[in-house]
Amino acid sequence: MTYSKTPQFGINMFPTDKSIQPVELARAVEERGFDSLFFPEHTHIPVSRDTPFPQGGDLPEMYWRSHDPLIALAACAAVTSKIKLGTGICLVIERDPIQLAKEIASLDMISNGRVILGIGAGWNREEMENHGADYTNRWKILREKILAMKEIWNNDEAEFHGEFIDFDPIWSWPKPVQKGGPPILMGAQSKWSFDRIAEYCDGWMPLGGLGSSSMGQLKTSLEARGRTLEDCNLTLFGAAPDVEKIQFRISQGCDDLIFGLPPADADTVLPMLDKLAETVATVKAG
């Protein structure tokens, strides 16, 4: 998959039962000229949890109040026509790959090919184990689920035989509008991420920044599989809403910059969205 390398700008927010509703947010994002809208995923948070929050401190309430991202994005697809609709991220480890393949393909058809599938293995052991997932082997399982989904998207009679995922030939429609399936972006930043991106992803979705050493590792991993940075999308999550910092990230090679919004009501979120739109307009004008 080849990308235009023209910088684009998007929004990420935990849509919750206490925040601006997804449909209203999607309309506002598109009206203000943004290019994409991303929703994260947590099905629930176990009350008893030993796994520490990666960002430190108490786990914010939004983690257990968020809407299902695919349902929320489907509602957004119905009231928009231009913005890309992405998961940031989808916890593939907690989902059945045959069902998820159908859900993503259905959303891609309903939205006329506007889906981006941001993926990750997650951090919350207890949450995964409530789904029967094996935390220790989560990355191996995620890999097989993604490869199995690609088989379903690209074959009329799909089958997959792996260590963790195994099924004989199946029929499953619809197929995605986007050839080969929606772009898959890796939402992880460990030293192993680069080989995973090179093998089964279309891009990288780092949080906060790109290091020169990371870019070198990504380039090496891609080239080992006959790929280049030119066909790998770089989507920066948590982009700083500052003109100079945005320009710097673009100079580093970022294709998409995604700004975070708090899970707040419309009176709080919409003025923030307006300010972000002004910042983006300044960048584009410069």
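I'm trying to understand the selection: among the residues of the range 258-286, which are of a type in the set (Asp, Glu) and either in contact (Cβ under 8 Å) with a residue 12 or more places away in the chain or touching a Gly at 6+ places or on another chain (Cβ under 6 Å) (or both)? Within the range 258-286, Asp265, Asp274 meet the criteria. Residues in the range 20-45 that are farther than 16 Å from Cys90 by Cβ and either touching a helix residue (DSSP H, G or I) at 6+ places or on another chain (Cβ under 7 Å) or surrounded by 22 or more Cβ atoms within 10 Å (Cβ to Cβ) (or both): 11 in all. State whether the residues of the range 45-64 include one that is part of a strand (DSSP E or B) and either within 24 Å of Thr268 (Cβ to Cβ) or under 18 Å from the mean Cα position of the chain (by Cα) (or both). No: zero hits. Summed over the range 185-209, residues that are in a strand (DSSP E or B) and of a type outside the set (A, V, I, L, M, F, W, C) total 1. Applying the criterion of being assigned to a loop (DSSP other than H, G, I, E, B) and more than 19 Å from the chain's Cα centre (by Cα) to the residues of the range 20-44, the residue that is nearest to Pro262 (Cα to Cα) is Ile20.
Could you list all residues from the range 162-174 that are under 18 Å from Asp134 (Cα atoms), of a type outside the set (A, V, I, L, M) and assigned to a loop (DSSP other than H, G, I, E, B)? Correct list: Gly162, Glu163, Phe164. Against the criterion of being surrounded by fewer than 17 Cβ atoms within 10 Å (Cβ to Cβ), within 23 Å of Gly88 (Cβ to Cβ) and modelled with pLDDT of 95 or more, Lys191 does not qualify. Of all residues in the range 52-72, exactly one satisfies the criterion of being of a type in the set (Gly, Ala, Ser) and touching a helix residue (DSSP H, G or I) at 6+ places or on another chain (Cβ under 7 Å), namely Ala72. Restricting the range 1-19 to residues that are β-branched (Val, Ile, Thr) and either buried (at least 23 other Cβ atoms within 10 Å of the Cβ) or under 18 Å from Gln247 (Cβ atoms) (or both), the residue that is modelled with the lowest pLDDT is Thr6. When we screen Leu236, Leu229, Leu218 for residues that are within 24 Å of Phe9 (Cα to Cα), without any contact (Cβ under 8 Å) to a residue 40 or more places away in the chain and touching a Pro at 6+ places or on another chain (Cβ under 7 Å), the only hit is Leu236.
The set of residues in the range 71-93 that are over 18 Å from Met128 (Cβ atoms) and in a strand (DSSP E or B) comprises Lys84, Leu85, Gly86, Gly88.
The values are calculated or read from the model by the stated rules, or taken from the named source; none is laboratory data. Because the structure is a prediction, the values reported are computed rather than measured. Methodologically, a virtual Cβ is constructed for each residue, glycine included, from the backbone with ideal geometry; neighbour enumeration extends over all protein chains shown.
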